[in-house]
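Down below is the structure, laid out as C-alpha cells.
The values are calculated or read from the model by the stated rules, or taken from the named source; none is laboratory data. Remember, predicted model here, so these are calculated numbers, not experimental data. Every residue, glycine among them, receives a Cβ derived from its backbone with ideal geometry; neighbour counts consider all protein chains shown. Please note that ligands, DNA and RNA were not included when accessible areas were found on the heavy atoms of the full protein model with its side chains. Shrake-Rupley method; radii C 1.70, N 1.55, O 1.52, S 1.80 Å.
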Amino acid sequence: METKNKVRRVGYWFSDEKMNKLKFLDFIEFCKQNKSLEFIQMDLERPLNGQGVYPLDAVVHKLNDLFLKADQGDEQAQVQLRHFQEYTKMYPDTIMIDPVFTARRLLNRTECFKLISESHICKTDRDVFVPAFIEINSQNHQETQRTLANNKVFYPIVSKPLLAESHEMAVIFNEQGLKDAEPPYVAQTYINHSAILYKLYMIGDQLYFVNRPSLPNYTIKV
C-alpha cells in the first residue's frame with residue numbers, strides 16, 4: 001500500500017514592510033522544494049472561517065503593527081485582529097508562531113525585562129542578569145532623577161521607547177540629558193560590553209548566536 005506524505009498547510013501574515021524585510025516570498029520559494037508544505041497568505045480583512053482554506057496546521061505571523069494601530073484606535077486594525085483571534089479560538093490546535101498573548105506581551109520592554117529577571121537562569125546564575133531598569137512616564141526631570149536613584153539606575157543610562165517595536169535608543173550621561181528623552185521610556189543602567197553584542201536565537205531546542213557591533217565602553221569623569 002502506497003502512503004502519501006500529508007501536506008502541511010502554513011498560514012502567514014506580515015505587513016508589506018515586514019514581508020520585504022524578511023524576504024519571506026523568497027523563503028516560500030525555497031520551501032517549495034519540500035512538497036509537503038503549502039503556504040497560504042491570511043486575509044484578515046474578512047472572517048477567516050468563511051474563506052474555505054482553513055483550518056491550518058500552523059500560522060507564522062508578525063502582528064506587532066496591528067497591535068500598535070489597534071491600541072491607537074485604528075478600526076481597520078481592530079477588525080483584523082478580531083478576525084485573527086476568532087480563528088485562534090475556533091482552531092486552538094493550530095500551532096501559533098508566536099502565540100498572540102506572548103507576542104503582545106513582548107511588545108512592552110518593561111514586561112520583557114521583568115520576564116527575563118524572573119527566569120530560572122537569572123535566579124540561579126550570578127553571571128546572567130538584567131541591568132537595573134525602571135519605566136519612566138514623567139516629563140519632570142527632578143522627579144525622574146529621584147526615580148532613577150530610588151531604583152539604583154545609574155549613569156550612563158540607556159533610554160529606549162517602551163514599545164519594543166521601536167529600535168531607537170539614546171545613551172544619557174547626566175541629568176541634563178534627560179530633557180531629550182521622551183516618555184514613556186525604559187531607563188536602564190548602561191553596561192560596558194566592549195562594543196560587542198551577542199544576539200541569541202532559539203529554534204526548537206537549538207540555540208544559535210551571532211556577534212553584532214555595538215556601542216563602545218563609556219566612563220564618567222567625576
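Structural remarks
- Positive-end extreme of charge dipole, region 78-160 - chosen from Y155, L106, A132 (charges on Cβ): Y155
- Degrees, to the nearest 10: 75-90 long Cα axis against longest axis of the chain: 60 degrees
- Spin-label model distance (nm) - K21 vs Y218, 7 Å beyond Cα toward Cβ: 2.4 nm
- Region 62-116 and region 161-184 have Cα centres lying 25 Å from one another.
- Dipole magnitude of the chain about its Cα centre (Cβ charges: Lys, Arg +1; Asp, Glu -1), debye to nearest 20: 500 debye
- With every protein chain in place, region 125-222: carbon and sulfur % of accessible area (1.4 Å): 54 percent
- Cα-Cα separations in region 86-203 greater than 18 Å, expressed as whole percent: 60 percent
- The simple Förster model, with R0 at 30 Å and r as the Cβ-Cβ distance, assigns S36 and R82 a FRET efficiency of 0.40.
- With the convex hull constructed from alpha-carbon coordinates only, region 31-72 shows a mean projected area of 4.0 nm² over all directions.
- Within the chain, antiparallel bridges make up roughly 65 percent of the DSSP beta bridges whose residues both belong there.
- Overall dimensions of the chain by Cα: Rg and Dmax, Å: 21.8, 81
- Charges were assigned to the Cβ only: +1 to each Lys and Arg, -1 to each Asp and Glu. The resulting dipole of region 1-99 about its Cα centre is roughly 380 debye.
- Compared with the rule-of-thumb size 2.2 N^0.38 Å for a compact globular protein, region 2-79 has a Cα radius of gyration ratio of 1.28.
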